[in-house]
Amino acid sequence: MRWTWLIAVLTLAACHAASQTDTIPRLARHGSATQLIVDGKPFLVLGGELGNSTASDLAYLDRSWPLFDALHMNTVLAPVTWETIEPREGEFDFSQVDGLINAAYDHRKRLVLLWFGSWKNSMSSYVPAWVKRNEQRFPRARDAQGRSLEMLSAFVDANRNADAAAFRALMAHLREMDGKRHVVLMVQVENEIGMIPSARDHGDAANAAYAAPVPYDALHAVLAERAPAQPFVARSWPQAFGDSAATEELFMAWHFARYTEAVAAAGKSAYPLPMYVNAALLRPGKQPGEYPSAGPLPHVFDVWRAGAPSIDLLAPDIYFPNFVEWSGAYARSFPLFVPETGRAPEATPANAFFAFGEHDAIGFSPFAIEDYKPDDRLGKSYATLRELAPLILAHQGDRRMRGFRAPLDFEGNVDDTPQDIALGGYTFHIAFRQMFRAPEDQDVRAHGGLIIQLGEDEFLIAGSGLTITFSADGANVGIESAIEGRYVDGRWRPGRWLNGDETHQGRHVRFSADDFTIQRVRLYRYH
C-alpha cells in the first residue's frame with residue numbers, strides 16, 4: 001500500500017510537471033512560420049526595451065507604465081542583472097525580479113527578460129562584485145599584448161559554472177513565481193556577446209585551446225563547408241582554417257556558443273522558456289576585432305548552431321538604417337525577433353510593418369522605450385498592429401501576406417523605387433510617395449505597410465504614405481470597393497467607402513503619411 005501510494009504521488013507530480021511544461025510559452029510551427037504560443041494561442045510581441053538601468057529601480061519604472069499603454073505596447077523587454085540577484089555567492093535576492101513581474105501583471109503587460117550575466121555589450125560590467133574582485137578565480141580575457149580586458153574569459157570553467165548556476169536559480173524562481181501566470185514569455189541569454197578590440201582571447205587557457213585540435217565530431221559540417229579540400233586529421237584551428245583574424249573569430253564563436261549553451265541548458269533544465277541570443281551588428285568593411293566579433297552574426301551562424309543547440313533563435317539588434325537587409329539575413333535562418341532597434345528618423349514604425357508582413361516576425365522592440373512620447377508614431381503603428389494581430393497571426397506562414405517598405409542602405413540613402421508584389425493572381429504596384437503631395441513634404445523613410453489576402457479578390461492593406469495600383473496578366477484591374485475601417489475585438493468595423501476622389505475614381509488606393517490606416521479592397525478583372 002505504501003509503495004502504491006508513493007507511485008501514485010510521483011505519477012501525479014510528473015503529470016503536473018508535464019502539464020506545466022505543455023502550457024508555458026513555447027515556439028511552434030505554423031505553416032512556413034514559427035510562432036510564439038502563449039496560453040495556448042499565438043502571440044505577437046509589440047514591445048519596447050527598457051534602458052539598461054530603468055528596471056533596477058521599480059519606483060523609477062512605475063512612472064512609465066501609462067506611457068506603455070499610450071504606445072499600445074503589449075510587452076516590455078527588461079534586464080535582469082547577475083549582480084542584483086546574487087550579491088553574495090550562493091545567496092539570491094529575487095525581490096527586484098518579483099516586483100517587475102508583479103508590476104507588469106498589474107499593468108496587463110508581458111515581459112521578455114534579458115539576462116545580463118557574464119557579458120553585456122561584450123563587457124562584464126554586470127557580474128557581481130565577488131566575481132569582479134577575484135580575478136585569480138574568475139580570469140578575464142586578454143588582448144594580443146596580454147593586457148587584461150573588462151570581460152570574463154570564455155575559456156574558464158569557474159566563470160561559466162558560476163553564471164550557469166545563477167541563471168538556473170533565476171529560471172527555477174521564475175517557474176515557481178510565474179509558472180501559472182506566464183507574464184514572462186522569453187529570456188535573452190547574455191547580451192551582445194563579442195570580442196573587442198582583439199579578434200580573440202589571448203589568455204593562457206585560450207591560447208591552449210587555439211593550438212588544440214578542432215573538435216571534429218561537433219564541427220564536422222562546419223569543417224566540410226569551410227575547409228572542403230582538407231581531409232580531416234587532428235589539426236589546430238589555424239591549421240584547419242588558416243592563421244587569420246577570420247579563423248580567430250570562428251574559434252571565439254565556437255567557445256562563446258559552448259559557454260552560452262551551458263548557461264542556457266542550465267536554465268532550461270529548471271524552466272524551459274524560449275531562449276535567444278542577440279547580436280551587435282557590424283559596420284561595412286570592418287575586420288574581426290574592430291566590431292564585437294564572434295557574436296551570433298550571419299557569417300558564423302553555422303558555428304553557433306552547432307555550439308548552442310539549447311538556443312531557439314539568434315536575433316539582430318538593428319541600429320543601422322539598412323533594416324531590410326539585416327532583417328532578411330536573420331529571417332532566412334531563424335524565426336525573426338527584433339529585440340532592439342533604434343528610433344532612426346521616423347523609420348521604426350515602417351520597419352515593424354515590414355518585419356511582421358514580410359518575415360512573419362515573432363516580435364519587434366525599439367530600445368529605450370521609456371524615453372518615447374505618448375504621441376510618437378510608434379504608438380500609432382502599434383495601435384493598428386494590435387487591431388490586426390489576430391489576422392497577422394492567422395496568416396503567418398500561409399504565404400498570403402507580404403510586407404513592404406522603401407529600403408535604406410547603411411549610409412541612410414533611401415531607394416524609393418516602386419515595388420511590385422504578386423499576390424492572389426494580382427500584381428500590386430507600390431509607390432512610397434503620395435500622389436498630389438509635393439516630394440519635399442514627404443519623408444519616404446517613414447512609409448511602408450503590409451497586404452493580407454482575405455479571399456479570391458479581396459485584400460486587406462494597412463500602412464502609411466503609400467499609393468498602390470494593380471494589374472493582372474491578360475486583363476485590366478478595377479477597384480470594386482475600397483473601404484476604410486478598423487478591427488474592434490477582432491471584428492471588422494467598416495468606415496468610409498473610398499470609391500470616389502479618394503481612389504481617384506478607381507485608379508488607385510492611397511494611404512496618408514500622417515497616420516497608419518487600414519483598407520479592405522476588393523478587385524475585379526475586366527477586358
Checklist entry - Are any of the residues in the range 400-418 within 24 Å of the chain's Cα centre (by Cα), outside any strand (DSSP E or B), modelled with pLDDT of 95 or more and within 28 Å of R26 (Cβ to Cβ)? => result yes
Checklist outcome for this item: Residue hits (the range 340-372; of a type outside the set (G, A, S), in contact (Cβ under 8 Å) with a residue 60 or more places away in the chain and not in a helix (DSSP H, G or I)) are E340, D360, I362, F364, P366, F367, Y372
Next on the checklist: Just the residues that are open to solvent by less than 10 Å² (accessible area, probe 1.4 Å) and under 25 Å from the mean Cα position of the chain (by Cα), please, taken from the range 183-221.
Outcome noted: V183, V184, L185, M186, V187, Q188, V189, E190, N191, I193, G194, M195
Item to check | Residue count, the range 76-129 (criterion: open to solvent by less than 30 Å² (accessible area, probe 1.4 Å), among the β-branched types (V, I, T) and more than 20 Å from N278 (Cα to Cα)) | outcome: 3
Item to check | Condition check for T260: farther than 20 Å from L111 by Cα, at pLDDT 95 or above and open to solvent by less than 20 Å² (accessible area, probe 1.4 Å) | outcome: yes
Checklist entry - Checking P390 against (1) assigned to a loop (DSSP other than H, G, I, E, B); (2) surrounded by fewer than 21 Cβ atoms within 10 Å (Cβ to Cβ), which test does it fail? => result (1)
Next on the checklist: For the range 315-338, give me each residue that is aliphatic (A, V, I, L, M) and open to solvent by less than 10 Å² (accessible area, probe 1.4 Å).
Outcome noted: A315, I318, L336, V338
Checklist entry - Among E135, E86, which is the only one that is out of contact with any Asp or Glu (no Cβ under 6 Å at 6 or more places or on another chain), without any contact (Cβ under 8 Å) to a residue 40 or more places away in the chain and either farther than 18 Å from L185 by Cβ or of a type in the set (A, V, I, L, M, F, W, C) (or both)? => result E135
Checklist entry - Take the residues of the range 440-494 that are outside any strand (DSSP E or B) and open to solvent by less than 10 Å² (accessible area, probe 1.4 Å): which is nearest to L378 (Cα to Cα)? => result A446
Checklist outcome for this item: Within the range 54-75, of all residues that are in contact with a strand residue (DSSP E or B) (Cβ under 6 Å, 6 or more places away or on another chain) and not polar (S, T, N, Q), the one surrounded by the most Cβ atoms within 10 Å (Cβ to Cβ) is A55
Checklist entry - Restricting attention to the range 495-527, and to residues there that are in a strand (DSSP E or B), more than 30 Å from the chain's Cα centre (by Cα) and of a type in the set (S, T, Y), which single residue is nearest to V444 (Cα to Cα)? => result Y524
Item to check | Selection within the range 66-116 - under 18 Å from the mean Cα position of the chain (by Cα) and hydroxyl-bearing (S, T, Y) | outcome: T75
Item to check | Output for the range 274-326, where each listed residue is touching a helix residue (DSSP H, G or I) at 6+ places or on another chain (Cβ under 6 Å), among the hydroxyl-bearing types (S, T, Y) and farther than 26 Å from A144 by Cβ | outcome: S310
Checklist entry - If you check D420, D501, D415, D441, which single one turns out to be free of Cβ contacts under 8 Å to residues at least 40 places away in the same chain and within 23 Å of D360 (Cβ to Cβ)? => result D420
Checklist outcome for this item: Considering the range 136-158, residues that are farther than 15 Å from W119 by Cβ and in a strand (DSSP E or B), and then whichever is least open to solvent (accessible area, probe 1.4 Å), we arrive at S148
Checklist outcome for this item: Counting only residues that are under 26 Å from the mean Cα position of the chain (by Cα) and either under 14 Å from R400 (Cβ atoms) or of a type in the set (A, V, I, L, M) (or both), the range 419-452 contains a total of 6
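Each row is one residue, and each column tells you yes or no for (1) part of a helix (DSSP H, G or I); (2) at positive phi; (3) over 20 Å from the mean Cα position of the chain (by Cα).
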{"position": "A262", "(1), (2), (3)": "yes, no, yes"}
{"position": "N278", "(1), (2), (3)": "no, no, no"}
{"position": "G289", "(1), (2), (3)": "no, yes, yes"}
{"position": "V300", "(1), (2), (3)": "yes, no, no"}
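The values are calculated or read from the model by the stated rules, or taken from the named source; none is laboratory data. None of the values given here were measured: they were computed from a predicted structure. Virtual Cβ from ideal backbone geometry, glycine too; neighbours counted across all protein chains shown. Only protein heavy atoms, including side chains, enter the accessible area calculation; ligands, DNA and RNA are left aside. Shrake-Rupley method; radii C 1.70, N 1.55, O 1.52, S 1.80 Å.
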